[in-house]
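Reading through the structure tokens given below for one structure.
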Amino acid sequence: MSQERWTAVDRFISDLIVPSDPALDEALQRSAAAGLPPIAVSPPQGMLLNLLARIQGTRTALELGTLGGYSTIWLARALPAGGRVITLEANLEYAEVARVNIERAGLSDVVDLRVGPALELLPELAAEGCAPFDLIFIDADKQNTPAYFEWALRLTAAGSLIITDNVIRGGALIDAESDDPSSRGGRRLHELLAEESRVAATTIQTVGSKGYDGFTLALVQG
Ligand code: SAH
Ligand code: DHB
Ligand code: MG
């Protein structure tokens with residue numbers, strides 16, 4: 001099976017069952033035109049985020065890694081009136097693109113976009129009393145995924161969902177001797193989960209337009 005086929009199947013799924021939303025399409029176009037890397041969640045994955053937030057009844061969400069705001073818009077679209085997404089992005093140029101995309105989607109009042117390294121912004125969020133969040137989407141620099149997961153545990157409550165993107169990276173997470181920081185991040189996340197009784201979790205491997213990767217879904221319990 002080839003990347004070409006995975007991409008074609010993702011397109012089939014998107015064309016038939018992922019609801020079309022001009023603001024989301026334009027967000028991708030504007031991101032590409034501004035030279036952002038093409039690493040946003042795929043449309044079916046964006047729809048999964050949206051469905052998970054609706055299933056969970058999410059009113060408050062936190063996202064680490066905004067890029068052009070594509071996943072942010074999918075999450076924000078899932079919230080009831082009065083809901084809020086806080087999204088953190090280290091790159092000012094990316095954040096400016098996201099700000100336009102979020103504004104054009106009519107979500108400026110729903111999304112609170114903050115610029116800076118997540119590990120600097122998270123203590124501020126905690127001090128502001130924004131927590132607990134109903135849903136946290138971890139999708140920033142992969143080597144810090146374990147640190148972000150520890151933060152996510154502090155910023156959630158029983159019933160919250162923590163979703164972590166890009167934990168498989170072509171299967172590299174099982175290469176114990178790998179010194180690639182991103183792969184090590186995915187591996188370390190699983191070691192943390194193995195010791196963590198506060199969450200029930202699983203990881204699902206995925207193929208699609210973004211290749212072979214996967215995500216971890218963790219439910220905070222008790
Ligand atoms: N969630 C986006 C994709 C995010 S890509 C989507 O699916 O649409 C990862 C993002 O994390 C990039 O925009 C990158 O600039 C950002 N990032 C990298 N290091 C970061 C850090 N330390 N703090 C916050 N964001 C970071
Ligand atoms: C990368 C980041 C992502 O969030 C993603 O979904 C795919 C790739 C990256 O930094 O390479
Ligand atoms: Mg990602």
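Numerical summary
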| quantity | calculated |
| --- | --- |
| Strands (runs of 3 or more DSSP E) enclosed by segment 44-135 - at least 2 residues per element that are free of Cβ contacts under 8 Å to residues at least 60 places away in the same chain, within 16 Å of ligand 3 (Cβ to nearest atom) and within 12 Å of the chain's Cα centre (by Cα) | 84-89 |
| Hits in segment 25-37 (condition: near ligand 1 (Cβ under 10 Å from one of its atoms) and either part of a helix (DSSP H, G or I) or not hydrophobic (A, V, I, L, M, F, W, C) (or both)) | Ala27, Leu28, Ser31, Pro37 |
| Scan of segment 92-125 for residues that are under 22 Å from Leu28 (Cα atoms), among the hydrophobic types (A, V, I, L, M, F, W, C), out of contact with any Gly (no Cβ under 6 Å at 6 or more places or on another chain) and within 16 Å of ligand 2 (Cβ to nearest atom), ordered by number | Ala95 |
| Sole residue being within 28 Å of Ile13 (Cα to Cα), more than 14 Å from ligand 1 (Cβ to nearest atom) and surrounded by 14 or more Cβ atoms within 10 Å (Cβ to Cβ), chosen from Leu161, Leu153, Leu192, Leu135 | Leu161 |
| Those residues of segment 25-38 which are within 16 Å of ligand 2 (Cβ to nearest atom) and surrounded by 15 or more Cβ atoms within 10 Å (Cβ to Cβ), in sequence order | Ala27, Leu28, Ser31, Leu36 |
| Members of segment 126-151 that are more than 16 Å from ligand 2 (Cβ to nearest atom) and touching a strand residue (DSSP E or B) at 6+ places or on another chain (Cβ under 8 Å) | Cys130, Ala131, Pro132, Phe133, Asp134, Leu135 |
| Extreme residue, farthest from Pro38 (Cα to Cα), among residues of segment 204-217 that are in contact with a helix residue (DSSP H, G or I) (Cβ under 7 Å, 6 or more places away or on another chain) and of a type outside the set (D, E, K, R) | Thr216 |
| Lone unmet requirement of (1) surrounded by fewer than 18 Cβ atoms within 10 Å (Cβ to Cβ); (2) closer than 15 Å to Lys210 by Cβ for Val41 | (1) |
| Hey, Pro44 within 19 Å of Leu153 (Cα to Cα) and of a type outside the set (A, V, I, L, M) or not | no |
| Meets criteria (touching a strand residue (DSSP E or B) at 6+ places or on another chain (Cβ under 9 Å), buried (at least 19 other Cβ atoms within 10 Å of the Cβ) and farther than 21 Å from Arg198 by Cβ) for Leu113 | yes |
| Conditions (1) surrounded by fewer than 20 Cβ atoms within 10 Å (Cβ to Cβ); (2) under 19 Å from the mean Cα position of the chain (by Cα); number of the one not met by Val199 | (1) |
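Bear in mind these aren't lab numbers, they're just calculated from the coordinates by the rules spelled out. On a predicted model such as this, the values are computed, not experimentally measured, just so you know. Please note: Cβ atoms are built from the backbone with ideal geometry, for glycine as well, and neighbour counts cover all protein chains shown.
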